[in-house]
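As structure tokens, the structure follows; a few thoughts come after it.
The values are calculated or read from the model by the stated rules, or taken from the named source; none is laboratory data. The model shown is predicted, which means the values in this text are computed figures rather than measured ones. Heads up, the Cβs are rebuilt from the backbone with ideal geometry, glycines too, and the neighbour counts pull from every protein chain shown.
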Amino acid sequence: MLYRMLDVLDNLQFIIYLLIYLVPFIFSILAGIQLLKKRTSGLNLSLAVQLVQVPYFAFNGLYYSFISGLLLGIRVSILEGMKKFNFNFSIGGYCQVQTGLPVELTAIGINVFALITFCFLLGNRIKNIKEDLSK
């Protein structure tokens, strides 16, 4: 992707798009580092990172998807009145925001792994708040 962008965009546009593309991954890495250090900021950042990984969708010509780590997804796609169910599994990461897709394409998906991780982290955050209040 970076190679193709370098041919099409001038240097300033390339740098801006590269930074936009890398920001979610940088937050993900920072959250992981903070979690390993057992800091509250790591828990808060991780909650935000997991939350933006839960949905992926295509609607009105726009596509959004951010995965950093593991995708265990369930997706429903509708094209020309036909519904199609997909189960997705992927290890790695990608961030996609696209426009100009066919307006007729509608899809909604949920990253089940990110949702479970979000619920687990939220439970830990609530537990930490209760412990802080009881002190």
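Quick notes
- In the stretch 70-117, the residues that are charged (D, E, K, R) and surrounded by 15 or more Cβ atoms within 10 Å (Cβ to Cβ): Arg75
- Selection count, the stretch 72-97, where residues are in contact (Cβ under 8 Å) with a residue 40 or more places away in the chain and either within 19 Å of Leu22 (Cβ to Cβ) or acidic (Asp, Glu) (or both): 2
- Residue count, the stretch 36-54 (criterion: surrounded by fewer than 16 Cβ atoms within 10 Å (Cβ to Cβ) and in contact (Cβ under 8 Å) with a residue 40 or more places away in the chain): 3
- Looking only at the stretch 23-45, residues that are among the hydroxyl-bearing types (Ser, Thr, Tyr) and farther than 20 Å from Ser90 by Cβ come to 2 in all.
- When each of Ile26, Ile67, Ile33 is tested for being of a type outside the set (Phe, Trp, Tyr), surrounded by 14 or more Cβ atoms within 10 Å (Cβ to Cβ) and either in contact with a strand residue (DSSP E or B) (Cβ under 9 Å, 6 or more places away or on another chain) or modelled with pLDDT of 85 or more (or both), the lone residue that passes is Ile67.
- Residue in the stretch 98-105 that is in contact with a strand residue (DSSP E or B) (Cβ under 7 Å, 6 or more places away or on another chain), of a type outside the set (A, V, I, L, M, F, W, C), at pLDDT below 90 and closer than 25 Å to Leu19 by Cα present: yes
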